[in-house]
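Only the coordinates and a few stated rules stand behind these numbers; no lab work does. Note that this is a predicted model, so its numbers are computed, not measured. Ideal geometry is used to build each Cβ from the backbone, glycine not excepted, and the neighbour counts take in all protein chains shown.
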Amino acid sequence: MRVDPMEGVTALPVAEPRPWGRLRAGGLPVIPLGIITTFVLIAILAPLISPADPEEQSLRNRFRPPVWDERGSWQHPLGTDRLGRDMLSRIFYGSRVSLTAGVVTVLLASAFGAAVGLVAGYYGGRVDAVLMRLTDATMSFPVILLALILAVTVGPSFANVVVAIAVILWARYARVIRGQVLTLMELDFIAQARIAGAGAWRVISRHLLPNTLNTLVVLVTLQIGYVIIVEASLSFLGAGIPPPTPAWGSMIAEGREFVTSAWWVSFFPGLAILLVVLAFNLLGDWLRDTLDPKLRQL
Amino acid sequence: MRSPASARPPVIEVRDLRTHLVTRWGTVKAVDGVSFAVREGETLGLVGESGSGKSMTCLSIVRLTPRSASGVLEGTVLLDGDELLTKSEKEMQRIRGRKVAMILQDPMSSLNPVFSIGMQLREPVAAYHGLRGATLRRRAAELLASVRIPSPEARLRAFPHQLSGGMRQRVVGAMAIAAPPRLLIADEPTTSLDLTIQAQYLGLLKELQERHRFAMIFVTHNLGIVAKMCEQVAVMYAGRIVEMGPVREIFTSPRHPYTQALLESVPRLGAKLDRLMAIEGQPPDLARLPAGCAFAARCPKVMDRCVEAPPEMAVAPGHSSRCWLQAPA
């Protein structure tokens, strides 16, 4: 007796795939997105919207308070620092340093780290053991120390900050991605791909990487905030962006002696860091909950 | 007019295949001297308990045994007379999918969740036949239609999670016959499908085999399916084939005590049975196999001679058993 293969098979309507449907479902995180968009626009448009040149000194105008203070003026809405430079303009320009450092560093680190994680997880065995020991070693090295060494030996620069952070940060991506790859490797579609004749490159690029993208996106977003803080810490310690380029970290450092008399010099860059980092963290949390609730530990 | 079965050369011929894996617990003799051959359009059922080496035999044929465990992979695997075990990895990649295809057990994870059915189906078709654009799309839809998926054009845009298990397993089937292959290995393809879908899927596999004339190795522990699907049966125990022969003979006159026990453990309607017969004991540890017959410890007919490993003995034309019971007195 032959069973009719069509028996009992009914055509169901196929829902149109909406790849972004999930992202919209719970409503967008308006506040974090708003803060990030604002700061990105500020960074791009800094030369157009800044009321003054951020590096122009005016010793007669030192320590001008913000506009709402009775000694303040609209000429310097957030006051001036100890060299009479316009605070608002410096914060505008400082956003360029922080955002570029955050994005560039995280992209470098995630690309390298994900590659290491994919290779380690795919090949397993000795390759995995060697790469993961390297990862462990990297993770045990403090970022700040490496950046200080670089600053002392090569001199502080934007490139050194990015390199110092990325050289350490990739390890985290390698760890997380390798873990995911190990789980994916157990699934039949990987075996099925290899049975269909796929080589290592094909399995990694077509099957493993696309299935780890959710995790990567979440981790990248969460880490941008972290990198901005590390960059600010380095600039605060004088191992970051060298003066006179305005960077939020070094602005806080410059103002710290005068906190009692001219609080605004340290306060406003600090507020800027707080807002941006908070926004990236909230966005990251939201992405994690939306894309992959299993990633709670990140 | 087809030539008689015996005159046609086998599509796949395996001789004395040995797959030993070196693990932390010792050397596991997962496959230990397995030989069989399957001709065009025929199906060999590979039966046995979990861990008897069925799946490992199949993976050894396509050389996809676990890489983390170094070990032995030796013997002879001839695909249309062409030795596979000495091929380079690059050559194997051109054989996998094109000449030997495989369907695995779990339809829930056998498709990549992030790509549409169409994308996943077009990939092998493009690779095997060099098709592009509209021709490629049409061929993909044809393949879906050939595994009896309704409204294939629309299904191409669906994602795996939008399809049922049975549907997904059909899609995997469509990918497997994209070449079409000379040998299809089905490793318990219906185990996780419910019964009506199982019957449909088995019917579909038979239909595809009649159309494409591929040889098939059907791995299962379900003897009912074997009776329906296979011409030949090989019963595996502890990495060896303990009995092999035409399906009718194995069912009517099983010779090896293990085969007999397997058949007795299948409940049958109408048979007077107070309780189901189970095989006592556990399958042996493949890392610490006894020197003699591996089944001796559980065998109801064990004899003194069983401390020596029994050779393969012919009991009828095309029917052999590895048991001293068949030894000439």
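At-a-glance table
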quantity	calculated
Near pairs, Cβ below 7 angstrom, 6+ apart or cross-chain, from the range B:303-329 (on the phi > 0 side of the Ramachandran plot) to any residue that is surrounded by fewer than 17 Cβ atoms within 10 Å (Cβ to Cβ)	B:Gly318/B:Pro246
Which numbered condition B:Ile279 misses (of (1) outside any loop (DSSP other than H, G, I, E, B); (2) crowded, with 16+ Cβ neighbours inside 10 Å)	(1)
The range A:85-142, subset crowded, with 16+ Cβ neighbours inside 10 Å and of a type in the set (Asp, Glu), residue nearest to A:Trp68 (Cα to Cα)	A:Asp86
Residue match in the range B:65-84 (condition: closer than 20 Å to B:Val219 by Cα and either part of a loop (DSSP other than H, G, I, E, B) or within 13 Å of another protein chain (Cβ to nearest Cβ) (or both))	yes
Selection count where residues are more than 24 Å from the chain's Cα centre (by Cα) and at the interface with chain B (Cβ under 8 Å from one of its Cβ atoms), scope the range A:187-216	14
Long-range neighbours under 6 Å by Cβ, at least six apart or interchain, first residue farther than 15 Å from A:Leu275 by Cα within the range A:221-241, second assigned to a helix (DSSP H, G or I) and of a type in the set (Phe, Trp, Tyr)	A:Ile241/A:Phe158
Test: residue in the range A:36-49 that is free of Cβ contacts under 8 Å to residues at least 60 places away in the same chain, of a type in the set (Ser, Thr, Tyr) and part of a helix (DSSP H, G or I)	yes
